[in-house]
Amino acid sequence: MENTLIEKQLKAAADLNRIKLLACMKNGEVCVCDFVDVLGISQPAVSQHLRKLKEAGIITERKVGTWKHYRLVEDQTPLMKGILEQIQPLNVCNCVTDCCPVGGTDSE
């Protein structure tokens, strides 16, 4: 593994808010609208945290209408696998607003 990737991943995982985001995504894809409620911070601040995780190759996104949904990358590095194993999943991440279809898919 390249040293710059290790550095990016360690920096990305070394923040409590980003750990909470990862905990939400351990159960699957999450709409960005849920993250604001979970973290209790502004949407721009949430976006900055998500950007760091995405740049580190830990998460990926897909667009659903005007909203973005985030999930963990399936093929994690050994470093991130070890870190993710230590994070307990949060079950509070369910898109309960009218921002996107139930279940987070375009077909529903």
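Just a yes or no: is a residue in segment 1-22 at negative phi, modelled with pLDDT of 90 or more and touching a strand residue (DSSP E or B) at 6+ places or on another chain (Cβ under 6 Å)?
No.
For segment 18-28, does any single residue satisfy the condition of being small (Gly, Ala, Ser) and surrounded by 15 or more Cβ atoms within 10 Å (Cβ to Cβ)?
For segment 18-28, residues small (Gly, Ala, Ser) and surrounded by 15 or more Cβ atoms within 10 Å (Cβ to Cβ): present.
Being in contact (Cβ under 8 Å) with a residue 24 or more places away in the chain and either out of contact with any strand residue (DSSP E or B) (no Cβ under 9 Å at 6 or more places or on another chain) or on the phi > 0 side of the Ramachandran plot (or both) is the filter here; which residues of segment 47-65 pass it?
Across segment 47-65, the qualifying residues are His49, Lys52, Glu55, Ala56, Gly57, Gly65.
If I go through segment 64-87 residue by residue, how many of them are over 14 Å from the mean Cα position of the chain (by Cα) and either exposed (fewer than 13 other Cβ atoms within 10 Å of the Cβ) or of a type in the set (S, T, N, Q) (or both)?
9
For segment 52-75, what are the residues that are closer than 19 Å to Arg18 by Cα and of a type in the set (S, T, N, Q)?
Residue satisfying the conditions is Thr60 alone.
The values are calculated or read from the model by the stated rules, or taken from the named source; none is laboratory data. Quantities reported herein were computed from a predicted structural model and do not represent experimental measurements. When we count neighbours, we look across all protein chains shown, and the Cβ atoms used for this are built from the backbone with ideal geometry, even at glycine.
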